[in-house]
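One structure is given here, and the rest of the page talks about it.
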Amino acid sequence: MKAPPVPQKDGPRINREIHAREVQLIDAEGQNRGVVETIQAQQSADEAGLDLVEIVPAANPPVCKILDYGKFRFLEQKKSAEARKKQKIVEIKEIKLRPGIDDHDYGVKMKAVRRFFEEGDKVKVTLRFRGREMAHQDLGFRLLERVKSETLNIAKVEAEPSMEGRQMIMVLAPK
């Protein structure tokens, strides 16, 4: 029987969790104090009434800073929330066509495709063949080429037209 693994703490090590013998110390004012022993750095943090936080654990010796850990965590969470807010999730929208599509229906589908590109989404154009239409795959290929040429200035082809079973698929992404 093995003992369960010790759960890894997320975030930087603080105060007594820092195991290095020496650290590169930056004090509360942002001044570099140079390489000092960890015990001495911890005493300086205690005197200031703040925490000793390991900022760069990969450095040799690790870089530690004297600061208020609660405030530090709050600012980090605020930064990550702001980054998440600005990030856009790209969705893949699908447009289904048939080889014998009428001009008006085609126009309606193309209007939807343009709207999807304006919203920043990718578009998967699916051309479904039924019955004897499979014998005329060239019609479907020409239709997808027409879609590609009409969206040339607003989109780039991410996946060229290819057959997958009874349907031909092409993926377009906004420029």
The distance between the Cα centres of region 84-136 and region 61-75, in whole Å, is 50 Å
Along region 141-150, Karplus-curve 3J(HN,Hα) (6.51, -1.76, 1.60; θ = phi - 60°) to the nearest Hz, with x for Gly and Pro, reads 5, 5, 5, 5, 5, 5, 4, 4, 5, 6
Of every hundred units of 1.4 Å-probe accessible area on the chain, the number belonging to carbon and sulfur atoms, as a percent, is 52 percent
Cα convex hull volume per residue for region 118-175, in Å³, equals 70 Å³
Cα-based Rg and Dmax for region 92-155, in Å, come out at 12.0, 37
Counting only protein heavy atoms and rolling a 1.4 Å probe, one gets per residue an accessible area for the chain in Å² of 70 Å²
Burial-style ranking of 58-66, 13-21, average other-beta-carbon count within 10 Å with highest first, yields 58-66, 13-21
In Å³ per residue, the alpha-carbon convex hull of region 43-143 encloses 171 Å³
If the chain between Ser149 and Lys175 were fully extended at 0.36 nm per residue, the gain over the current Cα-Cα distance would be 8.0 nm
Contact order relative to length for region 1-136, counting C-alpha pairs under 8 Å separated by 6 or more residues, stands in percent at 18 percent
Log10 I(q)/I(0) at q = 0.21 Å⁻¹ for region 1-101, from Debye over equal alpha-carbon scatterers, is -1.05
The local net charge around Ile89, scoring Lys/Arg +1 and Asp/Glu -1 for residues other than Ile89 whose Cβ lies under 15 Å from its Cβ, equals +3
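The values are calculated or read from the model by the stated rules, or taken from the named source; none is laboratory data. On a predicted model such as this, the values are computed, not experimentally measured, just so you know. Reconstructed Cβ throughout: ideal geometry from the backbone, glycine too, with neighbour counts over all protein chains shown. In case anyone asks, the SASA skips ligands and DNA or RNA and just uses the protein heavy atoms, side chains included. Shrake-Rupley method; radii C 1.70, N 1.55, O 1.52, S 1.80 Å.
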